[in-house]
Amino acid sequence: QVQLVESGGGLVQAGGSLRLSCAASGRTVSGYAMAWFRQAPGKEREFVAASSRSGGSTYYADSVKGRFIISRDNAKNTVYLQMNSLKPEDTAVYYCASRPYVIVVTTVGSYAYWGQGTQVTVSS
């Protein structure tokens with residue numbers, strides 16, 4: 001089975017940047033659609049960004065468009081989330097996810113594999 005491990009979270013002031021990484025182990029995920037979700041305390045997990053298998057097509061939630069960039073390095077089985085101009089409302093646990101299909105979707109239930117999450121805290 002595919003295993004995903006996120007890293008790169010931390011504490012940052014508003015306006016700062018962080019780069020999250022998600023490394024896959026086990027089978028290759030180069031042919032899988034990849035996505036990032038986040039969940040704040042008391043809230044449901046929500047879609048953040050997704051990438052097609054080639055990385056050529058990317059999708060973003062309106063709340064992060066223009067600030068976050070998703071990218072992937074299939075040779076390294078790693079997906080990244082560059083987060084710029086961070087806001088306090090971006091504070092959440094961030095999870096990477098994948099599904100064994102090339103088509104990108106934005107719903108939690110559509111993803112089969114999940115990482116353990118990494119905490120991102122943005123102070124005001």
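The values are calculated or read from the model by the stated rules, or taken from the named source; none is laboratory data. Nothing here was measured: the structure is a model prediction, and the numbers come from that model. Ligands, DNA and RNA are excluded from the accessible area calculation, which covers all protein heavy atoms including side chains. Shrake-Rupley method; radii C 1.70, N 1.55, O 1.52, S 1.80 Å.
Express in nm, to one decimal, how much length is gained between ALA40 and ARG19 on full extension, taking 0.36 nm for each residue of separation and deducting their alpha carbon distance.
5.7 nm
Entry comment: accessible area of segment 69-124 is 47 Å² per residue, from protein heavy atoms only and a probe of 1.4 Å. For the chain, pairs of C-alpha atoms spaced more than 18 angstrom apart make up 45 percent of the total. Computed on the chain, with alpha-carbon pairs under 8 angstrom and 6+ residues apart, the relative contact order is 36 percent.
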